[in-house]
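Input: a single structure, listed below in structure tokens.
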Amino acid sequence: EAQVTQNPRYLITVTGKKLTVTCSQNMNHEYMSWYRQDPGLGLRQIYYSMNVEVTDKGDVPEGYKVSRKEKRNFPLILESPSPNQTSLYFCASSFNFRAYEQYFGPGTRLTVT
Amino acid sequence: DAKTTQPNSMESNEEEPVHLPCNHSTISGTDYIHWYRQLPSQGPEYVIHGLTSNVNNRMASLAIAEDRKSSTLILHRATLRDAAVYYCILRGGSQGNLIFGKGTKLSVKP
């Protein structure tokens, strides 16, 4: 089944403890991206990747890192999480950056205390 | 990026058609109109897109005004499963990034 998977789905952590949220797709897609969703602010893009080893900042990249060493994986790294990064995170992928349809993962709910 | 305006919420009865409006008066000639929806506790999912002509697929129809300043997503027979937030998004032909607004929350009554 074609899908985007994220792990973990739920995470509660403390300020400053490094964490990684994994994202994987099995559709051989070139384009991948990360969004965060907050009440009243909607979905905002954090980082995106046009292909392996090519990443770029989205609208809200501060406090996040990403890497794209393999085509299928696009992990989101929070080196020193803070409470303002408490949010619902979605990974998405598409055939390439021009593709009409983007596929979203199920989301990761992160709480930083 | 050109902006879209959608009603905050709409209600529909099950098995009746639903027309979800979107205004985009500053749309440029190369902007595609995309619709995504987000079911409760899920990630967004693609619904349909179009440029100038009306479009149909298995999920919905998209009616685009002749001047392209507005469009309407049509669900022909709403089901309870169609209760979601529907996002109307303008996207330039060369851009990968989706810019989500607040969308329209659709409630479907049995």
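Numbers for the structure displayed
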| read-out | value |
| --- | --- |
| Residues (over 13 Å from the mean Cα position of the chain (by Cα) and either of a type in the set (V, I, T) or farther than 19 Å from A:T86 by Cβ (or both)) located in the range A:1-11 | A:E1, A:A2, A:Q3 |
| Selection status of B:S53, free of Cβ contacts under 8 Å to residues at least 12 places away in the same chain and over 20 Å from A:G107 (Cβ atoms) | yes |
| Which listed residue, of A:V14, A:V52, A:V66, A:V60, is under 13 Å from the mean Cα position of the chain (by Cα), away from chain B (no Cβ under 11 Å) and farther than 19 Å from B:F100 by Cβ | A:V66 |
| Filter pass, A:Y89 being in a loop (DSSP other than H, G, I, E, B), of a type in the set (S, T, Y) and within 12 Å of chain B (Cβ to nearest Cβ) | no |
| Residues that are of a type outside the set (D, E) and at the interface with chain A (Cβ under 7 Å from one of its Cβ atoms), drawn from the range B:40-55 | B:Q42, B:G43, B:P44, B:Y46, B:H49 |
| Any hit, the range A:50-72, residues being among the hydroxyl-bearing types (S, T, Y) and part of a strand (DSSP E or B) | yes |
| Identity of the residue in the range A:17-47, within 17 Å of the chain's Cα centre (by Cα) and among the small types (G, A, S), that ends up modelled with the lowest pLDDT | A:G42 |
| Single condition B:R91 does not satisfy, out of (1) within 14 Å of chain A (Cβ to nearest Cβ); (2) over 21 Å from A:Y31 (Cα atoms); (3) not hydroxyl-bearing (S, T, Y) | (2) |
| Some residue of the range B:56-67 being within 27 Å of A:W34 (Cα to Cα) and charged (D, E, K, R) | no |
| Number of the condition not met by A:F74 [criteria: (1) more than 11 Å from every other protein chain (Cβ to nearest Cβ); (2) farther than 26 Å from B:H34 by Cα; (3) of a type outside the set (V, I, T)] | (2) |
| Identity of the residue in the range A:17-31, under 20 Å from A:A99 (Cα atoms) and surrounded by fewer than 16 Cβ atoms within 10 Å (Cβ to Cβ), that ends up nearest to the other protein chains (Cβ to nearest Cβ) | A:M27 |
| Set A:G58, A:G42, A:G63: member being touching a Gly at 6+ places or on another chain (Cβ under 9 Å) and free of Cβ contacts under 8 Å to residues at least 40 places away in the same chain | A:G42 |
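The values are calculated or read from the model by the stated rules, or taken from the named source; none is laboratory data. Predicted model, so just to flag it, every value in this text is computed and none were measured. Heads up, the Cβs are rebuilt from the backbone with ideal geometry, glycines too, and the neighbour counts pull from every protein chain shown.
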